[in-house]
1. Could you list the trypsin sites (Lys or Arg not before Pro) in the stretch 16-69 that lie in coil according to DSSP, counting only those with at most 11 other Cβ atoms within 10 Å of their Cβ?
2. Residue by residue, what Karplus-based ³J(HN,Hα) values in Hz, rounded to whole numbers, does the stretch 57-65 have, using 6.51, -1.76 and 1.60 with θ = phi - 60° and x for Gly and Pro?
3. Just subtract the alpha-carbon distance of residue 117 and residue 100 from 0.36 nm times their residue separation and send over the number in nm, one decimal.
4. Return the whole-Å distance between the Cα centroid of the stretch 165-197 and the Cα centroid of the stretch 226-241.
5. If I compute solvent accessible area with a 1.4 Å probe over the protein chains, what percent of it on the chain is carbon and sulfur?
6. Would you please give the residues with an amide H less than 5 Å from that of residue 60, counting only those at least 5 places away or on a separate chain, with H modeled from the backbone geometry?
7. Taking θ as phi - 60°, what are the ³J(HN,Hα) couplings along the stretch 81-87 by the Karplus curve (6.51, -1.76, 1.60), each to the nearest whole Hz, with x for Gly and Pro?
8. Averaged per residue, what accessible surface does the chain expose to a 1.4 Å probe, in Å²?
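The values are calculated or read from the model by the stated rules, or taken from the named source; none is laboratory data. Computed from a predicted structure; not experimentally measured. Using ideal geometry, Cβ is built from the backbone for each residue, glycine included, and neighbour counts are taken over all protein chains shown. These area figures cover heavy atoms from the full protein model, side chains too; ligands, DNA and RNA do not enter into them. Shrake-Rupley method; radii C 1.70, N 1.55, O 1.52, S 1.80 Å.
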Amino acid sequence: MAEECRMCPVASEDGDFLLVDKPLDWTSFDVVAKVRNAYTRAGLKRKVGHSGTLDPKATGLLLLAAGRYTKKIAELELLDKGYEGCIKLGVQTVSHDTESEEFGHTTLTQVTAEAIMAQAEKLPGVHMQQPPMHSAVWHHGKRLYELARKGDHVAERKSREITIHRFEVTRIELPYVWFSTEVSKGAYIRVMAHEFGEALGVGGYLVELRRTSIGSYRVEDACSVGELVDSILIEGSKREKE
């Protein structure tokens, strides 16, 4: 088994926050289900929830709450979040990320580094943002992504106020633009990538995203799913021997 996670304990009397580095193509629910199952296997009764969905095509910090700490999830959801990612310019996808096929390829001959940097400087501030169709937002008892995958489109998606605290371009190798950003609760980085491409007149979508922070919690302190599961099983084994 792997060594116990740096962020242990995992089964405190009052509850725990668990920092997980979510793998690519896992849903947030996949991680919650895996961890909940580990507690069951270990003979430890624990509720498990997460403090904010991370898209399947994104990796990085997923903050779970276990035991009585699940009551604090609403507080965690209010925390600002940090991300690093990459936008591909000159093409779009319906989902604004790699979950769907590319369309609308456009030449980038008129796009300069100066134009990209100028657009990046405009982003920090308060914005009204419409959730994408491929999102977990509820609409008449259905998740938007469920409707999107059936080919349905909901035009009247309610826009939300978000704040982009910081947006920095870290590297440009067209058609790719790498960035680092800090945003408020409810901000969709996929939508930011899409709108960034639109503002430059060439379209764009998110090809890579990693969540690096949630409030003061950092991905550097997170465990892999396997490490966390092993830590829970080790804790369960210890208690059996007591």
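1. Working: sites: 34, 36, 41, 45, 46, 47, 57, 68; in loops: 45, 46, 47, 57.
Sites meeting the loop and neighbour criteria: 45.
2. For the stretch 57-65, the Karplus curve yields 7, 10, 10, x, 5, 10, 9, 9, 10 Hz.
3. Full-extension gain reported as 3.4 nm.
4. The distance from the Cα centre of the stretch 165-197 to that of the stretch 226-241 comes to 39 Å.
5. Working: 6090 of 12530 Å².
Here carbon and sulfur together make up 49 percent of the probe-accessible area.
6. Excluding prolines and chain starts, which carry no amide H, the hits are 22, 211.
7. Per-residue couplings from phi come out as 10, x, 9, 10, x, 9, 10 Hz.
8. Values: 12530 Å² over 242 residues.
For the chain, the per-residue accessible area is 52 Å².
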